[in-house]
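The values are calculated or read from the model by the stated rules, or taken from the named source; none is laboratory data. Keep in mind the model is a prediction, meaning the values are calculated, not measured. Here the Cβ positions follow ideal geometry from the backbone for every residue, glycine too, while neighbour counts run over all protein chains shown.
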Amino acid sequence: MSDSAISQLVRPLVREMAPYRSARDEFEDFEAQKIFLDANENPYNTEVNRYPDPLQRRLKRILAKVKGVSADQILLGNGSDEVLDLVFRTFCEPGQDEVILLPPTYGMYGVLAQLNNIKAINVPLDDNFQLDIAAIMSSINENTKVIFVCSPNNPSGNAIPFEQIEILLNRFKGLVVVDEAYIDFSEQRSALSLLETYPKLMICQTLSKAYGLAGIRLGIGFANPEIIDFFNKIKPPYNVNVLTQKMALASLNALALVERQVKTLIEERQKMERELPAFGFVKKIYPSDANFLLIQVDDAQKRYDQFLEQGIVVRNRSSLLGCENTLRITIGTPEENITFINVCKSIDQ
């Protein structure tokens with residue numbers, strides 16, 4: 001696919017607009033020992049008195065090495081929600097274009113579609129929470145710009161097979177966004193391995209889950225460099241703050257700790273999968289490649305209230321399509337999980 005073909009997917013307004021250039025775009029080497037009188041900053045050092053690098057160059061260099069991509073294939077945002085919002089604002093013409101969502105799935109896709117005045121076409125997953133390829137293809141029209149695939153899926157926890165993702169990439173002329181917020185807990189490899197082959201592929205990841213950095217709000221987008229250029233053209237100039245960048249760098253330099261915690265969480269998830277069937281109120285446990293389990297119970301609201309009374313907060317997902325009487329259980333520490341199982345014993349009646 002040529003660069004011009006990618007450009008044709010972008011909103012004309014975005015293609016033609018001139019980006020805002022901040023002081024830190026005009027002089028990039030602001031880590032050098034200079035006297036900076038260009039950005040109207042307070043000159044007294046507080047560690048955060050200077051504006052952050054608007055393109056997060058140092059962080060992207062480290063992240064590129066960890067992920068096996070090039071730095072120009074990376075977008076960083078104020079949480080994954082900003083990254084996803086940029087997809088809508090870059091590719092989808094308000095009141096005209098459409099996107100395809102695959103419920104049950106992450107709820108912000110629909111919220112962002114509505115916020116940006118983009119029609120969302122819902123194509124439900126099948127009974128096993130896998131893609132219904134035929135239904136997806138029949139829902140595509142000339143205004144369909146983006147298909148959002150959550151893998152591992154939230155709230156079901158299952159990974160979408162590579163073969164299904166590649167079918168979409170081969171048949172659909174628009175952008176396929178694969179949201180991999182939970183990929184670090186999955187046995188399936190990341191779709192990053194498909195990035196060079198498919199210029200219309202975008203992958204979203206985060207440091208919120210496996211890296212334990214939900215509070216710093218750092219979302220990551222991986223895509224063709226031309227797509228990244230369009231995102232950089234319209235994103236706010238200082239969207240990732242100094243403290244977030246520092247925390248992210250520290251975590252990326254402590255990967256051994258992250259890997260140990262991920263290993264423990266996977267083991268705890270597998271242990272919980274073995275223990276939960278013993279309880280009569282648990283009717284089904286859905287396969288999971290994430291750091292949570294979706295379980296079907298006899299009465300979701302009753303069980304939610306019982307857990308809450310015992311000081312445990314779970315998520316009732318019963319309102320979502322195909323998720324009647326389900327609870328989503330995030331995997332806690334080993335000690336928290338023991339407490340959770342003991343509460344299960346106490347309410348199993």
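Cβ-Cβ distances below 6 Å connect the following pairs, each with a first residue in the range 138-153 that is closer than 19 Å to E166 by Cβ, a second residue that is in a loop (DSSP other than H, G, I, E, B) and charged (D, E, K, R), and a separation of six or more residues or different chains: P152/D289. Checking each residue in the range 28-56 for being surrounded by fewer than 14 Cβ atoms within 10 Å (Cβ to Cβ), touching a helix residue (DSSP H, G or I) at 6+ places or on another chain (Cβ under 8 Å) and either among the hydrophobic types (A, V, I, L, M, F, W, C) or not in a loop (DSSP other than H, G, I, E, B) (or both) picks out A39, V48. When the range 123-140 is filtered for residues that are of a type outside the set (A, V, I, L, M, F, W, C) and either under 13 Å from N154 (Cα atoms) or surrounded by fewer than 15 Cβ atoms within 10 Å (Cβ to Cβ) (or both), the ones remaining, listed by number, are D126, D127, N128, Q130, S138. The set of residues in the range 339-349 being exposed (fewer than 13 other Cβ atoms within 10 Å of the Cβ) and either assigned to a helix (DSSP H, G or I) or modelled with pLDDT of 95 or more (or both) consists of N342, K345, S346.
Between I331, I312, the distinction of being farther than 23 Å from N153 by Cα, surrounded by 15 or more Cβ atoms within 10 Å (Cβ to Cβ) and either touching a helix residue (DSSP H, G or I) at 6+ places or on another chain (Cβ under 7 Å) or aromatic (F, W, Y) (or both) belongs to I312 only. In the range 303-326, the residues that are small (G, A, S) reach residues that are in a strand (DSSP E or B) with C-beta atoms within less than 8 angstrom, at least six apart or across chains, in these pairs: S318/T326.
Do you know which of the residues in the range 166-189 that are in contact with a Ser or Thr (Cβ under 7 Å, 6 or more places away or on another chain) and not in a strand (DSSP E or B) is surrounded by the fewest Cβ atoms within 10 Å (Cβ to Cβ)? The extreme case among them is G174. Candidates are the residues of the range 286-297 that are of a type outside the set (A, V, I, L, M), in contact with a Gly (Cβ under 8 Å, 6 or more places away or on another chain) and part of a loop (DSSP other than H, G, I, E, B); the one that is surrounded by the fewest Cβ atoms within 10 Å (Cβ to Cβ) is P287.
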